[in-house]
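Inspection log for the structure reproduced underneath, given as structure tokens.
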Amino acid sequence: MNQQTPLAVPVAQGGRRTIDQRRAEHAWDTVDLIAAGPGAAKEVGHARKLPARILASGLGAALAFVQAKGEAPTLVARLSNWVLSDETPVKAQAPGTQQQGPPSLLAAVVYGDVSCLRLATTETLAYLVWLNRFAEAGEAAARGGQAAAEGVG
């Protein structure tokens, strides 16, 4: 996925982008980081399963499960980075996000109020839609490249 794309092109001077466009760009960069790291297949697997886990058990339990497995550190860090960034309304609601060090989405969920939890859950699910689309596209491109290299059409 490390190729020049329309998402990597700077916005025209004075141009504005929607939160969905900014979310997509961050997710694209996250897929690149995951693909370049060790254990990419496991991280992508956790990313794929995370929306269902969130809907079944809630954001806190789903994040705790993924963190406990220890197989998706880039996913967890980048998800926290986005959801608790200035780009989303979650940061204003989440307690302790002004402190030093990397933000912790799990801590924001545990110590935040119900409004924080709702916002964080909604934003996380919206982010994962983009992340999983891009991961799937990257895998499809890789499969296509392998088929072409093997002479299979």
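The values are calculated or read from the model by the stated rules, or taken from the named source; none is laboratory data. In this text, all values refer to a predicted model and were calculated from it rather than measured experimentally. Cβ atoms come from the backbone with ideal geometry, glycine included; neighbour counts cover every protein chain shown.
Annotations for the structure displayed:
- Complete set of residues in segment 30-48 that are in contact (Cβ under 8 Å) with a residue 40 or more places away in the chain and closer than 15 Å to L63 by Cα: V44, A47, R48
- Matching option when the condition is buried (at least 19 other Cβ atoms within 10 Å of the Cβ), modelled with pLDDT under 95 and either in contact with a Gly (Cβ under 8 Å, 6 or more places away or on another chain) or of a type in the set (K, R) (or both), among A94, A120: A94
- Condition check for T88 on (1) β-branched (V, I, T); (2) within 21 Å of A107 (Cβ to Cβ); (3) not in a loop (DSSP other than H, G, I, E, B): one failure, at (3).
- Among the residues of segment 47-74, those identified as out of contact with any helix residue (DSSP H, G or I) (no Cβ under 7 Å at 6 or more places or on another chain) and over 21 Å from I34 (Cα atoms) are L55, A56, S57, G58, A61.
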